[in-house]
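The next block holds one structure in the form of structure tokens; read it before the comments.
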Amino acid sequence: MDLAGIGKERLHLAWVSSAEAQRFVEIVSQATASVKAQGAFDPSAFTIQLEAAEKTLSGETLRWLVGKEVKTTTTGDVYGRKWDVDSFETVLDSVLEREYHKNLILSTIKDGDSNVRSIHAKIGLPLQKISYLLADLEKTGMAEFKGMHDGIPEFATL
């Protein structure tokens, strides 16, 4: 939610037992107050970001890493090294950010912005990062160089 610019305070998660009525009331009251204080959410203002977030969360890379967390932090990785949870989650956060940015670039290209500068203008990532991630998207067959238009390289999604 933070990566997409929506804000993590819009998401409220809590585990509540059916025997915890008072706790449930407190959690709902806090969540309601928080949402009211933030104001209405306009999903149409975040179309590209929400599309990129959805693709990231349903992507193979993130599913694979999340699926390996318990084994890696309890019994170890393929080399037998046991990771502490904070180290694993740092790597997970880094991969999540990278995958989100790649999906954000792809969504922006689909939306009609086909060069690095127009992508930058729409999503605000640094030009160098966009170029680097576009090269990665090309290598993995998710985007391609379409040619030059007025001396500017243009890209398309595959």
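The values are calculated or read from the model by the stated rules, or taken from the named source; none is laboratory data. A quick note: this is a predicted structure, and the numbers were derived from the prediction, not measured. Cβ atoms come from the backbone with ideal geometry, glycine included; neighbour counts cover every protein chain shown.
Please verify whether Glu54 is surrounded by 15 or more Cβ atoms within 10 Å (Cβ to Cβ), part of a helix (DSSP H, G or I) and of a type in the set (D, E, K, R), treating the condition exactly as stated.
When the stated conditions are applied, Glu54 does not pass them.
Mind listing just one residue for me: the one in segment 1-50 that is touching a Leu at 6+ places or on another chain (Cβ under 8 Å) and not in a loop (DSSP other than H, G, I, E, B) and, of those, nearest to Lys110 (Cα to Cα)?
If we take residues in segment 1-50 being touching a Leu at 6+ places or on another chain (Cβ under 8 Å) and not in a loop (DSSP other than H, G, I, E, B), then Ile48 is nearest to Lys110 (Cα to Cα).
Name the residues in segment 89-139 that are of a type in the set (Phe, Trp, Tyr) and over 16 Å from Ala53 (Cβ atoms), would you?
Residue satisfying the conditions is Tyr132 alone.
Specify the residue that is surrounded by the most Cβ atoms within 10 Å (Cβ to Cβ); the eligible residues are those in segment 60-86 that are under 22 Å from Arg98 (Cβ atoms), hydrophobic (A, V, I, L, M, F, W, C) and free of Cβ contacts under 8 Å to residues at least 24 places away in the same chain.
Restricting to residues being under 22 Å from Arg98 (Cβ atoms), hydrophobic (A, V, I, L, M, F, W, C) and free of Cβ contacts under 8 Å to residues at least 24 places away in the same chain, the top hit is Trp83.
Assess whether Thr90 counts as being crowded, with 20+ Cβ neighbours inside 10 Å and of a type outside the set (Asp, Glu).
Taking the combined requirement at face value, the residue does not satisfy it.
What's the total number of residues in segment 120-158 that are loosely packed, with under 15 Cβ neighbours inside 10 Å, out of contact with any strand residue (DSSP E or B) (no Cβ under 8 Å at 6 or more places or on another chain), at negative phi and not in a helix (DSSP H, G or I)?
4
Per-residue answers, yes or no, for (1) touching a strand residue (DSSP E or B) at 6+ places or on another chain (Cβ under 6 Å); (2) aromatic (Phe, Trp, Tyr); (3) surrounded by 11 or more Cβ atoms within 10 Å (Cβ to Cβ):
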| residue | (1), (2), (3) |
| --- | --- |
| Gly7 | no, no, yes |
| Leu13 | no, no, no |
| Val16 | no, no, yes |
| Ala21 | no, no, no |
| Phe24 | no, yes, yes |
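Give me a count of the residues in segment 87-100 that are free of Cβ contacts under 8 Å to residues at least 60 places away in the same chain and touching a Leu at 6+ places or on another chain (Cβ under 7 Å).
Qualifying residue count, segment 87-100: 3.
Consider Phe41 carefully, then state whether it is over 28 Å from Tyr100 (Cα atoms) and either at pLDDT 95 or above or surrounded by 11 or more Cβ atoms within 10 Å (Cβ to Cβ) (or both).
Here the answer is no, as Phe41 does not meet what is asked.
Quick check: is even one residue across segment 95-103 part of a loop (DSSP other than H, G, I, E, B), in the same structural domain as Ser58 (by TED's automatic domain parsing) and not β-branched (Val, Ile, Thr)?
Scanning segment 95-103, I find no residue that is part of a loop (DSSP other than H, G, I, E, B), in the same structural domain as Ser58 (by TED's automatic domain parsing) and not β-branched (Val, Ile, Thr), so the answer is no.
For segment 101-146, enumerate the residues that are of a type in the set (A, V, I, L, M, F, W, C) and touching a residue at least 60 places away in the same chain (Cβ under 8 Å).
Ile123
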